[in-house]
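Structure first, commentary second.
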Amino acid sequence: MKIITMKKLVLLLLTFITLGYKSQTTLEGDKIIGLWEVGSGKARIKVTKYGDKYGGKIVWLRDPLDEKGEKKVDKNNPEETKRTMPLLGLNNLLGFSYKEKGEYSGGTIYDPENGNTYNCVINLEDENTIQVRGYIGVQLFGRTDTWKRVVLKQTK
């Protein structure tokens, strides 16, 4: 029978503590996953997890058709080749990491209304409310929008 040295025992304990913390952070971070309606009510964004990051895409538009009766496209995109891509299905939140205490940072938000991409931080206020702040440079120079979770009614 081998005797476990104090060094190995401490290393083993630290490994278990780290794994426990990581899985707890993952569970906390996953609270943002779901369907969210933007403050104006014009769009709904489905937030998902990919790898260890979070992102979102437009899955619903109040007015999905343009003035010609055709599907709305990303007409303001700075890349000309993307201006004919439909808005529905467009990834507009990318690269967010969960930090702690309901904060997600390190990501960007794309605004199809003006074709600009901004640095972004998201704060989970409660289970059904997030504050989404897009900014240029520093957070002081930005705009915050309040998004509400959409709970779809189940039919019998």
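The values are calculated or read from the model by the stated rules, or taken from the named source; none is laboratory data. Only a predicted model underlies this, so the values are computations on that prediction, with no experimental measurement involved. Here the Cβ positions follow ideal geometry from the backbone for every residue, glycine too, while neighbour counts run over all protein chains shown. Surface accessibility is based on the protein's heavy atoms, side chains included, excluding ligands, DNA and RNA. Shrake-Rupley method; radii C 1.70, N 1.55, O 1.52, S 1.80 Å.
As a test of the definition: which semi-axes, in Å, follow for region 33-156 when you take the square root of five times each eigenvalue of its alpha carbon gyration tensor? Largest first, please. Don't skip to the answer; put the middle values down first.
On the way: eigenvalues 109, 77, 33 Å².
One finds semi-axes of 23, 20, 13 Å for region 33-156.
Would you kindly find the accessible area of residue 60, with a 1.4 Å probe and non-protein molecules such as ligands, DNA and RNA excluded, rounding to the nearest 10 Å²?
Accessible area, nearest 10 Å²: 90 Å².
How long is the gain from residue 68 to residue 82 if the chain were fully straight, where each residue apart is worth 0.36 nm and the alpha carbon distance is subtracted? Show your work: numbers first, answer last.
On the way: separation 14, 0.36 × 14 = 5.04 nm, distance 1.94 nm.
In short, 3.1 nm is gained.
Round to a whole number: what % of the accessible area of region 33-156 belongs to carbon and sulfur, probe 1.4 Å? Could the numbers behind the result be given before it?
Values: 4050 of 8000 Å².
Carbon plus sulfur share of accessible area: 51 percent.
What's the ranking of 113-120, 146-153, 92-99 by average number of surrounding C-beta atoms within 10 Å, highest first? Walk me through the intermediate numbers first.
Details: 113-120: 15.2, 146-153: 12.4, 92-99: 19.0.
My ranking of the peptides, most packed first, is 92-99, 113-120, 146-153.
Step through the residues of region 69-75 one at a time and calculate ³J(HN,Hα) from phi using the Karplus curve (6.51 cos²θ - 1.76 cosθ + 1.60, θ = phi - 60°), rounding each to whole Hz and writing x for Gly and Pro.
Per-residue couplings from phi come out as x, 9, 4, 5, 10, 7, 5 Hz.
Once you sort the root eigenvalues of the Cα gyration tensor of region 49-89 as a ≥ b ≥ c, which label holds: rounded (a/c under 1.5), prolate (a/b larger than b/c) or oblate (the other case)?
Values: a/c = 3.92, a/b = 1.60, b/c = 2.45.
Judged from the Cα gyration tensor, region 49-89 comes out oblate (a/c at least 1.5, b/c at or above a/b).
Can you check what the net charge comes to around residue 114, using other residues whose Cβ is under 15 Å from the Cβ of residue 114 (Lys, Arg +1; Asp, Glu -1)?
Details: positive: 42, 72, 75, 82, 83, 143; negative: 74, 79, 111, 113, 145.
Once positives and negatives cancel, what remains is +1.
How much length is gained on full extension from residue 49 to residue 101, taking 0.36 nm per residue of separation minus their Cα-Cα distance?
Numbers: separation 52, 0.36 × 52 = 18.72 nm, distance 1.79 nm.
Gain on stretching residue 49 to residue 101: 16.9 nm.
Within region 99-117, name every residue whose backbone N is under 17 Å away from a label modeled 7 Å from Cα of residue 143 along the Cβ vector.
Under cut-off, by backbone N: 108-117.
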